[in-house]
C-alpha cells in the first residue's frame, strides 16, 4: 500500500520518486473506483438531486490540478479551458454552486478520459522536472501538487458515496472493491470511563505531513471525565431505535431533522432497504442482508435523534462527542499517529483501504479499551467546524474551509475504511452538512460538557474585511462609495436602453451587483474568490453582513451592514452570485444588456482573452463599462499579457490604447471618466486611488 509522503527528507531524488509514485497510484486508484459504474449512460445520471452527475466528479479532480497549477503560475497554458471551467465548481451544495443541468454540456466519457490522461502526463512531467527543495513548505510548487493528490483522495471517498447511491442497474462488481464477509450478531455496547485531561489541537507549519488550512493553529481545552461507548453504534443497536418508531416520533428530532424527514420521507438509514425478512444493506455494488455487527451509517441528524431517544430511555445525557472529547478518547486509547503506523508497515484499523471496501464488525479492531477509535466509519461530532487561533487560508485554495464556517457543517472524526492520505491522519479536520451522507456513523457518549467555540463569527480576514468595508462602509476621507458610484453612472447611461439583465464581473462583496439591481430585472455577480462570493451570498440570504476592521495594532472595530439601511431589501430577489474565472467564463453567461467589470482587467492572468469574450455575451446595443487604476503587476498578470503600461518600439503604450485596439472593432467608445476610490487598511491608513472608467457601446 502506497503511503502519504512526508514533506521532509535529505535526498531530493528519492523524495521526487516517492511523490511521483504516490501521485500516480492515487490517480489510478481514483479511476479504478469509477470502474464500478456499469456503462457510459450511468455517468450522466445524478445519484443525488443535490449533486452533479457522476461524470462531473470524474473530471473534477483532474481539472483541479490544472486550475491550481495555473493559479500558482507553475504552468503557463491550460489543457482544455472549456472543461476546466465546466468541471471547476459544484461539490458542496453551496448556494453559489450551479447545479442547473441546463447550464451544462457534459463531454463524453472518452473525452473526459482523454483529458484525465493528458493531466496525468503533465503532472508526471512536472514531478520529473520541477526543482525540489526540502522540506516542502506551503510556498513550494510541490505543495500544490500534494494539494491536488489529497484533493483527489477526498473525492475518492465522496464519489464512492455517490456511486453507492446509484441504482443497481448503473453499477457492477469489481474485484478491486470487494466488501467484508464477516457478519454476525452485534456485541452488547457499554459505556466506559474516559479520564479527564488537557486536549491540545492544531499543528505547526513545520509538520512532516501535508495539511489543509483548518488543521493549523492552536486550540486547547480541559476536558472533564466522561463515559464513551466501547463500540461504534452497530446496525443492531440502531435497529432498536428504528423499531421503536424513532423516525415517526418528532420528540427525538431537532427542527432541522424534522424538516429533513419531511423532505426525504426517511423511515430508516439511506443505505437500508426494508423487506419481509427485515432489512438489507447497500454496499458499493451489492445488496446484502443487514450485517448487524457492522456500524450503522447515518447522517448527523439521525445520529443526534438516536442520542435523544437513548437519553430519554435511560434517563441520562447521551450525546455525540465534541471534537475535544473525541480527541481525548483517542489520546487515552493510545492510538498511534499516521506516521507511527506508516513506519511500522502494519494496519491498526479498517482505514486507508488496507482491508476491505466496506465496513467490518464493530468488535474487529481494538485500540486500548475501545474499538474503532479510528477507521471503519467516520464518527459524527456535535462540534461545528470552526477556525483554530492563528488560522490562515492558503492563497492557492482560499475557499477550502472558509465557506464551511457557517454554522451548518459539523466535524466528523476518526476516518473511514476508504479514508486515504490526509483523511487518515490524526490531525485532519473535515466538516460536512448535517444532512449529508458520508461513510459516517457515530459513537455516543455520556457527558454534560459544554463546548466553548465561536461559530457566529465576524469576518476577520484582513483582505475580506477590507473589501467588505470598501463595498459597504464609509471612509473617513469623504470619497463617495466606489461600487455604488460606478453602478449609479452605469444606470445613467442605461436610462433609455433595455435593462433586462446585467453582468457584474469581479463583484467582490456584491455592492455594485445590488446597486445595479435598482434598475435591472436581473443581475448576475461573479468573482474568482469564493470567499468574496460567500460574503455576498450571506448578505443576500440574511440581509446582514458582519465584519471587523483594525484600528491600530490589535485593536479593531466591529461593523454590521443591513441591506435595509441602503433601501436594497427588495433587490435581494433580483441578484445571484456565482464563483467564476473571468478569463474562462462558461458559455451560459450571455444575453446581457450591460456588462460591468470593476477594477478587474489589471488583475487578470489573460486580460485580452477576457475582453475578446465579451462581445458575444452582450445583446445588440448593449453597454460595456470597465474601470481600473491600471496597476499592472507581474504577480497578477505576466508582462507579456499586459495590454498597456509598457513601451513598444520606444513608444509609450497606455492601457487605453490597448483597450481601443482590442475593443474598437466591436465597440464604440462613448465616454471616459475618472472615478476615485479609497480602501481603508486601518483607522489612519488608507489607499486613495483614481480609476479610469471607459464606457463602450456594442456596435
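Check whether at least one residue in the range 620-630 is in the same structural domain as residue 668 (by TED's automatic domain parsing), within 21 Å of the chain's Cα centre (by Cα) and at pLDDT 90 or above, and report yes or no. The answer is no, given that none of the residues of the range 620-630 is in the same structural domain as residue 668 (by TED's automatic domain parsing), within 21 Å of the chain's Cα centre (by Cα) and at pLDDT 90 or above. Go through the residues of the range 399-408 one by one and say whether even a single one is in contact (Cβ under 8 Å) with a residue 40 or more places away in the chain, farther than 25 Å from residue 530 by Cβ and surrounded by 22 or more Cβ atoms within 10 Å (Cβ to Cβ). No, the conditions are met nowhere in the range 399-408. Taking the options 160, 124, name whichever one is assigned by TED's automatic domain parsing to the domain that holds residue 62 and either crowded, with 20+ Cβ neighbours inside 10 Å or without any contact (Cβ under 8 Å) to a residue 60 or more places away in the chain (or both). Being assigned by TED's automatic domain parsing to the domain that holds residue 62 and either crowded, with 20+ Cβ neighbours inside 10 Å or without any contact (Cβ under 8 Å) to a residue 60 or more places away in the chain (or both) holds for just one of 160, 124, which is 160.
Taking the range 210-248 as the range and being touching a residue at least 60 places away in the same chain (Cβ under 8 Å) and assigned to a loop (DSSP other than H, G, I, E, B) as the test, the residues that pass are 210, 211, 212, 217, 224, 230, 231, 232, 233, 244, 246.
Of the numbered criteria (1) in contact with a strand residue (DSSP E or B) (Cβ under 6 Å, 6 or more places away or on another chain); (2) free of Cβ contacts under 8 Å to residues at least 40 places away in the same chain, the one residue 607 fails is (1). Put simply, of 657, 671 the only residue that is within 26 Å of residue 617 (Cβ to Cβ) and part of a strand (DSSP E or B) is 671.
Put simply, of 533, 538 the only residue that is under 18 Å from residue 405 (Cβ atoms), at pLDDT below 90, part of a helix (DSSP H, G or I) and touching a strand residue (DSSP E or B) at 6+ places or on another chain (Cβ under 7 Å) is 538. In the set (1) more than 30 Å from residue 38 (Cα to Cα); (2) in contact with a strand residue (DSSP E or B) (Cβ under 7 Å, 6 or more places away or on another chain); (3) not in a loop (DSSP other than H, G, I, E, B), residue 163 fails one condition alone, (1).
Checking every residue in the range 541-551 against the condition of being in contact (Cβ under 8 Å) with a residue 24 or more places away in the chain, buried (at least 23 other Cβ atoms within 10 Å of the Cβ) and within 30 Å of residue 106 (Cβ to Cβ) gives zero matches. Go through (1) in contact (Cβ under 8 Å) with a residue 60 or more places away in the chain; (2) not in a helix (DSSP H, G or I) one by one and return the number of the condition residue 35 breaks. Looking at each condition in turn, residue 35 falls short on (2). Within the range 311-342, the residues that satisfy the criterion of being touching a residue at least 40 places away in the same chain (Cβ under 8 Å) and not in a helix (DSSP H, G or I) are 316, 317, 318, 319, 320, 321, 322, 333, 335, 337.
Considered as a group, the residues in the range 401-418 that are touching a helix residue (DSSP H, G or I) at 6+ places or on another chain (Cβ under 6 Å) and either outside the structural domain of residue 257 (by TED's automatic domain parsing) or in a loop (DSSP other than H, G, I, E, B) (or both) include one that is nearest to residue 214 (Cα to Cα), and that residue is 401. Would you confirm whether any residue within the range 137-159 is modelled with pLDDT of 95 or more and over 23 Å from the mean Cα position of the chain (by Cα)? So far as the range 137-159 goes, no, none of its residues is modelled with pLDDT of 95 or more and over 23 Å from the mean Cα position of the chain (by Cα).
Where strands (runs of 3 or more DSSP E) fall entirely within the range 257-310, those with at least 2 residues that are closer than 17 Å to residue 186 by Cα, in contact (Cβ under 8 Å) with a residue 12 or more places away in the chain and out of contact with any helix residue (DSSP H, G or I) (no Cβ under 6 Å at 6 or more places or on another chain) are at 278-282, 287-289.
The values are calculated or read from the model by the stated rules, or taken from the named source; none is laboratory data. The structure presented is a predicted model; accordingly, all values stated were derived computationally and were not measured. Note that we place each Cβ from the backbone using ideal geometry, even for glycine, and neighbour counts take in every protein chain shown.
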